[in-house]
Amino acid sequence: MNLKDFIRSIPDYPKKGILFRDISTLIKDENAFAETINQIVEKSKKYNFTKIAAIESRGFLFASAVSYILKKPLVMLRKKNKLPADVHSVDFKLEYGTATIEVHKDSIDENDNVLIIDDLIATGGTADAAAKLVEISKGKVAAFIFVINLFDLGGSDNLLKKNYKVENLINFPGH
């Protein structure tokens with residue numbers, strides 16, 4: 001199954017000049033969604049990790065299913081002011097703005113190797129912030145797995161230059 005066939009491309013969303021890669025067409029097909037989860041699970045097997053971290057919000061869709069299958073704890077990396085307890089926060093730049101993500105301070109500790117899962121990597125700002133949250137929490141990043149890599153926007157390359165392990169299922173140009 002070619003998962004690329006299940007991704008819809010929407011020009012000028014959320015703003016002019018952005019070519020949005022829409023996963024809603026992937027997750028609405030039960031076979032494509034199942035294949036996506038199976039591929040993530042298979043790629044994850046080469047890494048030693050104790051927890052899975054999901055980046056809000058679309059990363060939750062994939063990471064929760066992988067967490068269930070692999071029986072690994074799931075940590076939510078959420079947008080600012082969405083977590084009720086004490087948090088670590090990291091501000092970062094997006095391709096089209098700025099944002100903050102947070103993690104509960106008691107979610108990750110020095111014994112944790114964390115697999116980070118998200119739907120897409122573009123410039124890598126969100127992923128880099130996720131890694132910083134894991135490291136601020138004294139954990140280690142085992143690897144990243146993305147469903148989509150917008151290869152010409154450089155996010156994966158930036159993570160690789162920082163010696164992170166990076167996997168993805170689908171490559172698309174970002175423009």
Next on the checklist: Criterion first (touching a Gly at 6+ places or on another chain (Cβ under 8 Å) and among the hydrophobic types (A, V, I, L, M, F, W, C)) does residue 151 satisfy it?
Outcome noted: yes
Next on the checklist: Within segment 155-175, take every residue that is among the polar types (S, T, N, Q) and outside any strand (DSSP E or B) and give me the one that is surrounded by the fewest Cβ atoms within 10 Å (Cβ to Cβ).
Outcome noted: 163
Item to check | Search result, residues across segment 1-31 that are of a type in the set (Ser, Thr, Tyr) and not in a loop (DSSP other than H, G, I, E, B) | outcome: 9, 24, 25
Next on the checklist: Please count how many residues of segment 85-107 are farther than 9 Å from residue 133 by Cα, surrounded by 12 or more Cβ atoms within 10 Å (Cβ to Cβ) and β-branched (Val, Ile, Thr).
Outcome noted: 2
Checklist entry - Taking segment 121-154 as the region of interest, how many residues are of a type outside the set (A, V, I, L, M, F, W, C), touching a Leu at 6+ places or on another chain (Cβ under 9 Å) and in a helix (DSSP H, G or I)? => result 3
Checklist entry - In this structure, does residue 15 turn out to be closer than 26 Å to residue 107 by Cα and among the basic types (Lys, Arg)? => result no
Checklist entry - What are the residues in segment 67-98 that are at pLDDT below 95 and either touching a Phe, Trp or Tyr at 6+ places or on another chain (Cβ under 6 Å) or of a type in the set (S, T, N, Q) (or both), if any? => result 98
Checklist entry - Which residue pairs have Cβ atoms closer than 9 Å, lie 6 or more positions apart in sequence or on different chains, and pair a first residue in segment 156-171 that is farther than 17 Å from residue 46 by Cα and basic (Lys, Arg) with a second residue that is at pLDDT 95 or above and assigned to a helix (DSSP H, G or I)? => result 162/128; 162/131
Next on the checklist: Scan segment 28-41 and tell me whether some residue there is surrounded by 20 or more Cβ atoms within 10 Å (Cβ to Cβ), touching an Asp or Glu at 6+ places or on another chain (Cβ under 9 Å) and closer than 30 Å to residue 5 by Cα.
Outcome noted: yes
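The values are calculated or read from the model by the stated rules, or taken from the named source; none is laboratory data. Just so it is clear, the structure is predicted and the values come from calculations on it, not from any experiment. Reconstructed Cβ throughout: ideal geometry from the backbone, glycine too, with neighbour counts over all protein chains shown.
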